[in-house]
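The structure appears right after this line, and notes come after that.
The values are calculated or read from the model by the stated rules, or taken from the named source; none is laboratory data. From a predicted model like this one, the values you see are computed outputs, not experimental measurements. Glycine also receives a Cβ, built like all others from the backbone with ideal geometry; neighbour counts cover every protein chain displayed. To get the accessible areas, we keep the full protein, side chains included, count just its heavy atoms, and leave off ligands, DNA and RNA. Shrake-Rupley method; radii C 1.70, N 1.55, O 1.52, S 1.80 Å.
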Amino acid sequence: MRMTPKHASLPMYDFAGVAEATDLLWSHLKRGPLSEFYDAPDRLTRGMDLWDLWQRENLFLAQTCGFPFVHKLRGQVGLVGTPDYGVVPEKPGWYYSVILCRQDDPRRTLADFEGAKFALNETGSQSGCHALMHTLNTQFGTEKLLGGSLLTGAHVHSALAVLEGEADIAAVDIVTWLHVQRDHPEGSGLRVLVQTEPTPGLPYMTANAQDAAQLGECISEGIQSLPAQTAKALFLKGVWRSSEADYDIIEARAHAAKAVFESYFPNGLAH
């Protein structure tokens, strides 16, 4: 049975410098195995509020962050799979964050940044916030190491906030960091202070009304045949056929670091 869903979006790494490659990825998927089963949207949806997009009944495909998936979306959407960017070779589909500081900052360990200001994209971000909270909880327990925070709205903005001295450190997901290093010359002014522990990466999902397993097969097959130049531009290696249970680790770590999170954000999550 052919379907006519309305919305497809790949917003997590849809940076201006690779927007053309992202469009090429979508047109390749649409012409490939998807065409056998679906009337996929001709174009990617851009500019829509992400929470509105993710919860649409006519959502065909979208990418989300792991924390929103386990915190609110799991059970309301179908998990299609997780793209693999090759950043954790022994665990395809996993990723981690890098905690960045300025290249000329003399401090060398996270402990050296006691009282420092940190930038983050949003409190509901696994890579920008909760990976950092888990790291702080693992290394320092419930002791409040850092000082104030700066909400920036995007990983790239967090990196630039550190570079421009508005914050001292920021946790940025590794795939974004690869894009920054390649496409933003100013990124050379930053360095990696420490890496966080890996977790499952940013999953693809679809509305519950659709067959997520079949869609996952189509997406996986299409990405495997993606032209090398497009794949390289997006750092895309393949698709891991992940399960909902694989994401339990994100929920468990957030629960363990709850007291640390609340010490920095007593008002809780802000979307």
Using a Förster radius of 25 Å, what is the FRET efficiency between T109 and F265 based on their Cβ-Cβ separation? Nearest 0.05, please.
0.55
Note down the net charge around E217, summing +1 for each Lys or Arg and -1 for each Asp or Glu among other residues with Cβ under 11 Å from its Cβ.
-2
To the nearest 0.05, what FRET efficiency results for A154 and N58 with a Förster distance of 25 Å applied to their C-beta separation?
0.40
Using only alpha carbon pairs under 8 Å that are at least six residues apart, calculate the relative contact order of the range 160-271 and give it in whole percent.
20
Per DSSP H run of at least 4 residues, take -39500 (n - 2.57); add these up for the chain, divide by its residues and hand me the 222 nm value, nearest 500 deg cm²/dmol.
-8500 deg cm²/dmol
So if I place +1 on the C-beta of Lys and Arg and -1 on the C-beta of Asp and Glu, and nothing else carries charge, what would the dipole magnitude of the chain be about its Cα centre? I want it in debye, nearest 20.
160
As a quick test, which of the pairs K6/K232; K30/K72; K6/K117; K232/K258; K72/K144 have an alpha carbon distance above 32 angstrom in this structure?
K6/K117; K232/K258
Carbon plus sulfur fraction of accessible area for the chain, probe 1.4 Å, in percent:
50
Could you give the accessible area per residue of the range 121-228, probe 1.4 Å, as a whole number in Å²?
37
Given I99, L79, I249, which one lies farthest toward the positive end of the charge dipole of the chain, if we put +1 on the Cβ of every Lys and Arg and -1 on the Cβ of every Asp and Glu?
L79
Working out 0.36 nm times the residue gap between S35 and W51, then minus their Cα-Cα distance, what length gain in nm do you get to one decimal?
3.0 nm
Please give the per residue accessible area of the range 33-106, computed with a probe of 1.4 Å over protein heavy atoms only, in Å².
42
Contact order relative to length for the chain, counting C-alpha pairs under 8 Å separated by 6 or more residues, stands in percent at 30
Among beta bridges that DSSP assigns inside the chain, antiparallel share in %, nearest 5:
65
Can you tell which of Q195, Q55, Q229 shows the greatest fluctuation in a Gaussian network model of the chain with Cα springs below 10 Å?
Q229
The extension gain from A228 to Q181, computed as 0.36 nm times the residue separation minus the Cα-Cα distance, is 14.9 nm
